[in-house]
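Q: Below is a structure I'd like to ask you about.
The values are calculated or read from the model by the stated rules, or taken from the named source; none is laboratory data. Since this is a predicted model, take the numbers as computed values, not measurements. Counting neighbours? That spans all protein chains shown, and the Cβs are built from the backbone with ideal geometry, glycine included. When the accessible area is computed, the model is the full protein with side chains, heavy atoms only, and any ligands, DNA or RNA have been set aside. Shrake-Rupley method; radii C 1.70, N 1.55, O 1.52, S 1.80 Å.
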Amino acid sequence: MRVFDTERQEWAGARRERLFHADQYLDVRRQKAIRQQTAIVLAVAGLTFGVWALAWKDEPEPYRDPAATRSDTAQETSGGVADGVPPDQSSDSDADSDSGSGEASLGTSAASLPAGYESQQDVEGFRVALPAGWERDSRSSRYGIDVVDYRSTDGTRRLQVFQVLETSPYESLQAAQAEARKLDGYEPVSLSEIPGDEGRAAEHEYRTDEVAGEQGSGGGTRHVIDHRFEAADGERYALVAYGSDADGPDDERELVDTALLWFCPPGVRCDTPAG
């Protein structure tokens, strides 16, 4: 097949025919390469735009102070009332929470102290209730707070408060009973866990003619109630009431029950207990 050479205005021979077809083939390859490069450039540009768009969409909003946000919300609320509290008033619950100084709050009900009793905030950090006018003394302990004794003015009655080392109130009382058996005239009344509060409270009640560390008792058999329990702070404490056995067990029972009801451990904010 012969091809007409338009540049030379003549028919080309076989050699020129082959060169002519070679030129056409190179042109096709160049066009194909250009199209591929163009497609690559467009793909890269599209990818770059997509990444930028996603980054712009996920950009965090400017920081706003939470207090300012709540204030704005309150102003936008109809009538200037937010959460049911007018702007010029504060709720009682807010006042109560502010007075807690960051400590845990327990209980919400109120009750009156028994006649002749008063609430005592001890320097060791705990709160307890006991008869008014009792004298206080203390001594250091190997564990936790000091051992604190409150005594009646005539010395016949006493309330002792201390922190317990053992993790189980019942096991702690078993160890205490082993020592109490060494006292003159020891007579056990009961030693058991408190029903409904097993594992968290136990009590040892007994009589004895001798009480360690007690002076001026006036002699006679003593009645003792040793109550050990886990308090709101997760620690174990003991409330031990001592009195004369001659006037019956009611005085010691009231002393322990009232002290326990009003007891609040160190570092915990407790409301007035229920009656």
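Q: Give the residue, chosen from Val240, Val268, that is over 15 Å from Leu159 (Cα atoms) and in contact (Cβ under 8 Å) with a residue 24 or more places away in the chain.
A: Val268
Q: Here are the criteria: (1) free of Cβ contacts under 8 Å to residues at least 24 places away in the same chain; (2) on the phi > 0 side of the Ramachandran plot. Tell me which single one Ser192 does not satisfy.
A: Going through (1) free of Cβ contacts under 8 Å to residues at least 24 places away in the same chain; (2) on the phi > 0 side of the Ramachandran plot one by one, Ser192 breaks only (2).
Q: Among the residues in the stretch 154-174, are any at pLDDT below 95 and among the aromatic types (Phe, Trp, Tyr)?
A: no
Q: Another question, if that's okay. Is there a residue in the stretch 249-264 that is part of a loop (DSSP other than H, G, I, E, B) and either at pLDDT 95 or above or in contact with a Phe, Trp or Tyr (Cβ under 8 Å, 6 or more places away or on another chain) (or both)?
A: yes
Q: Can you pull out every residue in the stretch 232-263 that is within 26 Å of the chain's Cα centre (by Cα) and open to solvent by 10 Å² or more (accessible area, probe 1.4 Å)?
A: Within the stretch 232-263, Ala232, Asp233, Gly234, Glu235, Arg236, Leu260, Leu261, Trp262, Phe263 meet the criteria.
Q: Starting from residues that are surrounded by 14 or more Cβ atoms within 10 Å (Cβ to Cβ) and of a type in the set (Gly, Ala, Ser), keep the ones in the stretch 187-212 and report whichever is farthest from the chain's Cα centre (by Cα).
A: Ala202
Q: Among the residues of the stretch 111-135, which ones are surrounded by 12 or more Cβ atoms within 10 Å (Cβ to Cβ) and part of a strand (DSSP E or B)?
A: Tyr117, Glu118, Ser119, Gln120, Arg127, Val128, Ala129, Leu130, Pro131
Q: Give all pairs with beta carbons closer than 6 Å in which a residue from the stretch 197-209 that is more than 13 Å from Leu173 (Cβ to Cβ) meets a residue that is open to solvent by less than 10 Å² (accessible area, probe 1.4 Å) and part of a strand (DSSP E or B); count only pairs at least 6 apart in sequence or on separate chains.
A: Short answer, once both residue conditions are applied: Arg207/His223; Thr208/Arg222.
Q: Report whether or not Arg158 is open to solvent by less than 80 Å² (accessible area, probe 1.4 Å), of a type in the set (Lys, Arg) and in contact with a Ser or Thr (Cβ under 8 Å, 6 or more places away or on another chain).
A: Spelling it out, Arg158 is indeed open to solvent by less than 80 Å² (accessible area, probe 1.4 Å), of a type in the set (Lys, Arg) and in contact with a Ser or Thr (Cβ under 8 Å, 6 or more places away or on another chain).
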